1. If you look at just the Cα atoms of region 6-69, how large are its Rg and its Dmax in Å?
2. How far, in nm, would the chain grow between residue 59 and residue 38 when pulled straight, counting 0.36 nm per residue and subtracting the alpha carbon separation?
3. Under a 5 Å amide H to amide H cut-off, with H placed in plane at 1.01 Å, what residues pair with residue 9 once short-range neighbours are removed?
4. Could you point to the residue in 66, 14, 28 farthest towards the positive end of the chain's charge dipole, with +1 and -1 charges on the Cβ of Lys/Arg and Asp/Glu respectively?
5. With a 10 Å cut-off between alpha carbons and a GNM built on the chain, which of 23, 40, 12 moves the most?
6. Nearest 20 debye, what's the magnitude of the dipole of the chain about its Cα centre given +1 on Lys and Arg Cβ and -1 on Asp and Glu Cβ?
7. Residue by residue through region 32-41, what is 3J(HN,Hα) from phi via Karplus (6.51 cos²θ - 1.76 cosθ + 1.60, θ = phi - 60°)? Round to whole Hz and write x for glycine and proline.
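Quick note: the coordinates plus some simple rules give every number you see, no bench work behind them. If you're wondering where the values come from, they're calculated on a predicted model, not measured in any experiment. All Cβ positions, even for glycine, are placed from backbone atoms using ideal geometry, and neighbour counts span all protein chains on display.
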Amino acid sequence: MEGGEGLKNRLEELRKARGMTQEELAEALEVSRQTVGSLENGRYNPSILLAFRIARLFETTIEEVFLYEEEGEE
């Protein structure tokens, strides 16, 4: 993978696989739809508690949802 450092995620992919709208996901996570949109677009990094709730909702691990890239990592 290219470029600096950052947190990428598979939230949109997981949500769509479940047939959920952003609104439905937001309701399930008790956050706003804008928060879900910002998470999916990479403009917002979740708190660790929210990351755990997302992973639990999709019955997976945090590492399967959120992908951390360090600078220079390929």
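1. When restricted to Cα atoms, region 6-69 yields Rg and Dmax of 10.4, 29 Å.
2. 5.4 nm
3. Distant-sequence amide H within range of residue 9: 67.
4. 28
5. Highest fluctuation of the listed residues: 23.
6. Dipole about the Cα centre, nearest 20: 500 debye.
7. Couplings: 7, 5, 4, 5, 4, x, 5, 4, 4, 8 Hz.
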